[in-house]
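Presented below is the structure to which this report refers.
Each reported figure results from applying straightforward, stated rules to the coordinates on display, with no laboratory input. Predicted, not measured: the structure shown is a model, and the values here were computed from it. Note: ideal-geometry Cβ built from the backbone for every residue, glycine included; neighbour counts use all protein chains shown.
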Amino acid sequence: MRGAGRVYRQRGSEIWWLDYGVHGVRHRESSGLTSKKEAQQLLRQRIGDRETGKIIGHPDRVVLAQYVKDENGTDKLVGGLRALVERQYVLDGRKSIERVHEAFQHLEEFFGPEVRAMQITRSRLDSYAQHRLAAGRARATVNNELAQLRRGFRLAIEAGLLGSMPVFKLPKVHNARCGFLDGEHDFPALMVELAADLRPLIHFLYLTGWRRDEARLLRWTNVDFEGEVLTITETKSGEPRVFPFGTAPELKQLLEAQWGARDGLYVFHRHGSPIGVGALRSGWKRATKRAGLDGKLVHDLRRTAARDMRRAGLAESDIMELAGWETREMFKRYAIKDEKALAAAVAKRFTPAPAATA
């Protein structure tokens, strides 16, 4: 290596590697590029980033996920992009870390946990998206998985561990779901088929439009019977939210019944513990199949509640505040329309005007 370093290719590879020294320390890393000119430009950038302290680590050593065996022989996450994301979720106080676990589980299955970050190129990201879509995963699910990986790259760059990241092209979500449950036929049929300890939770979701885990992890400390209001602080947006129930007889009766059957900290429970996500999913799937509602999702209850609130005359801003939509754009993605109101509007358009009297 002479002067300002060099670029070179390994035998059988089209990718150019960088080889340079800064402050007496030698660094070798893949450029991820097949153009020698672009690799030479990146080499000059890397040297500058090292000299100014923008990069302090070894990009060639950063992996997707690094594990060690603990005293019980169990794999323990200690590093890599995944560790950066999970650590930041804890620092931010976010509660959706289960989705992070699920996303990186699929990423590790495809790439391998020990794959170097610099080997995850745009082409390989596209291959991952194609693989997941071919497996029947929804585009929104694939987007979430890639978004978690992108967050890992960004955190690594902020920490000075990486100097660049691949371009992420997320699969376009063509349309939002528009599933609803009819209150006269669908919902009663579903309730009959649900397990007894799932019915109160599903009923609550149907009435309030809350997110699954907001209801599933609801504690009695969040229920004020004297003030007749529900209050939660651990929301997706991080903003506290209230839901008055004193003027909602059906919801009030549901909460009072749960209080009478309370067992521990949680409003909705199974033997004193919150109902697990897996138990809820499997119970829902069995019930919807027996009720002839195949394809309906628990999340459709959220859309149904919002539609019913609109039919009852609530303003969009009130619905958003009660159920936790942050922006009108997100609210609109649910394609919530009041078909009865639209039908009345159409009727007005085509109803003949009354004849004028002499």
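Put simply, the amide H of Gly79, placed in the peptide plane, has neighbours under 5 Å in Gln66, leaving out anything fewer than 5 places away on its chain.
The relative contact order of the chain, computed from alpha carbon pairs under 8 Å that lie at least 6 residues apart in sequence, is 13 percent. The ranking of Asp263, Asp60 from fewest to most other beta carbons within 10 Å of each one's beta carbon is Asp263, Asp60.
When the Cα gyration tensor is reduced to axis lengths a ≥ b ≥ c, the ratio a/c is 1.5 or higher for the chain, and with a/b above b/c it is classed as prolate.
Here the contact order of the range 198-283, divided by its residue count and restricted to Cα pairs under 8 Å and six or more residues apart, works out to 27 percent.
The relative contact order of the range 6-56 comes to 30 percent, based on Cα pairs under 8 Å that sit 6 or more residues apart. Here the simple spin-label model places points 7 Å from the Cα toward Cβ, and for Ala4 and His299 these points are separated by 5.0 nm.
Listed by Cβ neighbour count within 10 Å, with the fewest neighbours leading, Ser13, Ser282 appear as Ser13, Ser282.
Using DSSP to call loops (not H, G, I, E or B), can you name the GluC sites (Glu not before Pro) in the range 113-162 whose Cβ has at most 14 other Cβ atoms within 10 angstrom?
Glu114
Taking GluC sites (Glu not before Pro) across the range 14-48, the ones in a DSSP loop with at most 16 further Cβ atoms lying within 10 angstrom of their Cβ are Glu14. Show log10 I(q)/I(0) for the range 6-56 at q = 0.15 Å⁻¹, two decimals, from a solvent-free Debye sum over equal Cα scatterers. Debye intensities relative to I(0), on a log10 scale: -0.37. Calculated FRET efficiency, Thr231 to Arg286, Cβ-Cβ distance, R0 = 41 Å: about 0.80 to the nearest 0.05. So if R0 is 41 Å, what FRET efficiency would His271 and Thr52 give, r being the distance between their Cβ atoms, rounded to the nearest 0.05? Once rounded, the FRET efficiency stands at 0.10. Which residue, Lys76, Lys36, Lys169, tops the fluctuation ranking in a GNM of the chain built on C-alpha contacts under 10 Å? It is Lys76. Taking only the Cα atoms of the range 61-158, the ratio Rg/Rh comes out at 0.96, with Rh defined as the Kirkwood radius.
In a Gaussian network model over the chain where Cα atoms closer than 10 Å are linked, find which of Ser164, Ser273, Ser35 has the largest mean-square fluctuation. Its mean-square fluctuation being the largest, the pick is Ser35.
Taking other Cβ atoms within 10 Å as a rough exposure proxy, Ile120, Ile157 sort from fewest to most as Ile157, Ile120. The calculated FRET efficiency for Arg328 paired with Glu38, based on their beta-carbon distance and R0 = 45 Å, is about 0.55.
From its DSSP helices (H runs of at least four residues, each -39,500 (n - 2.57)), the chain gives a residue-normalised ellipticity at 222 nm of -14000 deg cm²/dmol.
The percentage of C-alpha pairs in the range 186-343 whose separation is greater than 22 Å is 42%.
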